[in-house]
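Structure record follows, encoded as structure tokens.
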Amino acid sequence: MTRITDELVIRGNHIKNRIVMAPMVTFSFHGDDRSYYGKQHIEHYTKRAKGGAGLIILQATGVFGAVDSTGMWSADDVAALKQIVSNCHKYGTTVMIQLHCGNLDVNELSDAEIHSIQMNMKQAAIHVCEIGFNGVEYHFAHGFTLCKFLDASYNRRVDQYGGDSLNRARILTKILPEIRNNTHKSFIVGVRMGEYLPESSDGIEVARAFEKAGVDLLHISFGMQPPTNPVPEGFICSPITYSGCKIKKEVNIPVIAVNEIRTEEQVRFLIENDYVDFVAIGRGMLADPEFANHVINSEPVDTCSGCKRCFWFTDHTLCPAVKDK
Ligand SMILES: Cc1cc2nc3c(=O)[nH]c(=O)nc-3n(C[C@H](O)[C@H](O)[C@H](O)COP(=O)(O)O)c2cc1C
């Protein structure tokens, strides 16, 4: 039986347990003076590393500006990100960052615009590697630009970036060899995507295309829309989480499942029954920075209240679970 505390090695990175902090933008944090990232972010991620997370995936960070080192890639941002990485490593936590490409209409993009996105995707990964992160996760989920490439009904392109699953995944797979050539051997390249693109079979084909191209890790959330279909009897998690379990059966690279995983029982159910390799915890880890340690030690978890609209999207100090307002 797989245990939550079993390590899993990806490209030489020893991930010490199966509990991942999901990427979550900290909308009401601010940086220091001229930067986006700053002390608040450092404290936030350090607490979750201290709290036992095996892998932390930092919040979505735009690739734009990577080529000319502006925006979120300024010297001050890089300094804050370096501190986050160093603190996570101090607690034995593997740390990646999610990279996103905004919310563009892929059907309108010219060849030059696609090339520019790819150059920023590549350069952002190179920056991330130089900062010291263990890897990147490209954000191909939740209806954003990269997700629109993957979705067979949204993407109407007739060039090499539209059509079959290999073409729809090409925005990344084409530049993956260059990313590998410019990052060190143990640098993890992951993808967050959905299963329904728009059919389940589309998601499975895309997942296989990413695996074949050399992607190391898949994180299954949802695509253009969250799935609503029922889960099998006895499955104690959500349809989105079930998507992760379905993709896990179709590929040989590690898979992370996510969504409304809030209890020790759910974590054990998913990992000990080998439904997936990792569980990602979002709001549960905002509510309880020690979520991972609490689950591992079978201690009570400070449960997320499940507010209708999570306050972390607007003002985290209003979150009922935040103690240090
Ligand atoms: C405040 C907030 C910010 C989020 N930001 C991101 C993000 O940057 N990238 C992403 O892929 N998902 C983002 N998500 C979605 C989470 O990663 C996660 O998939 C979702 O919250 C469901 O998991 P949970 O029920 O454990 O919270 C965000 C969610 C919240 C609540």
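Helical content alone sets the calculated 222 nm signal of the chain at -10000 deg cm²/dmol, taking -39,500 (n - 2.57) per DSSP H segment of four or more residues and averaging over every residue. Three principal axis extents describe the C-alpha atoms of the chain; from largest down they are 54, 52, 39 Å. When only the Cβ of Lys, Arg, Asp and Glu is charged (+1, +1, -1, -1), the dipole of the chain relative to its Cα centre reaches about 360 debye. Between segment 1-49 and segment 203-235, what's the alpha-carbon centroid distance in Å? About 22 Å separates the Cα centre of segment 1-49 from the one of segment 203-235. Per residue, the convex hull spanned by the alpha carbons of segment 254-296 comes to 64 Å³. Selection among I175, Y36, G54 by position relative to the dipole of segment 8-318 gives G54 as farthest towards the positive end (Cβ unit charges, Cα centre). The charge dipole of segment 34-131, taken about its Cα centre with unit charges on the Cβ atoms of Lys, Arg (+1), Asp and Glu (-1) only, comes to about 780 debye. For the options R18, R208, R34, a Gaussian network treatment of the chain with springs between C-alpha atoms closer than 10 Å singles out R34 as fluctuating the most. Highest mobility in the GNM of the chain, judged by mean-square fluctuation with C-alpha springs under 10 Å and restricted to C310, C147, C101, is found for C310. Using bins of 10 Å that start at zero, the share of Cα-Cα pairs per bin across segment 215-325 amounts to 14, 41, 34, 11, 0, in whole %.
Largest first and in whole Å, the equivalent-ellipsoid semi-axes of segment 108-163 read 25, 14, 7, each the square root of five times a Cα gyration tensor eigenvalue. Where Lys and Arg each count +1 and Asp and Glu each count -1, what net charge lies around I253 among other residues with Cβ under 11 Å from its Cβ? In short, 0.
Across segment 230-325, the relative contact order, built from alpha-carbon pairs under 8 Å that are at least six residues apart, equals 19 percent. Of the residues S238, I15, A213, the one whose Cα sits farthest towards the positive end of the charge dipole of the chain is I15 (charges of +1 on Lys and Arg Cβ, -1 on Asp and Glu Cβ, taken about the Cα centre). The value for segment 78-231 of Rg(Cα) / (2.2 N^0.38 Å) is 1.05. Among the lysines of segment 1-125, pairs that are 8 or more positions apart or on different chains and have alpha carbons within less than 14 Å of each other number 7. Once C-alpha pairs closer than 8 Å and six or more residues apart are averaged by separation and normalised to the residue number of segment 8-318, the relative contact order reads 18 percent. For the chain, a Gaussian network of Cα nodes joined below 10 Å ranks E211, E178, E195 by mean-square fluctuation, and the top entry is E178. Centre-to-centre, using Cα atoms only, segment 250-325 and segment 151-171 are separated by 34 Å.
Every read-out reported here was derived from the displayed coordinates using simple, explicitly stated rules and does not represent laboratory data. Everything numeric here is computed off the predicted structure, so don't read it as measured data. Every residue, glycine as well, gets a Cβ built from its backbone with ideal geometry; the counts of neighbours run over all protein chains shown.
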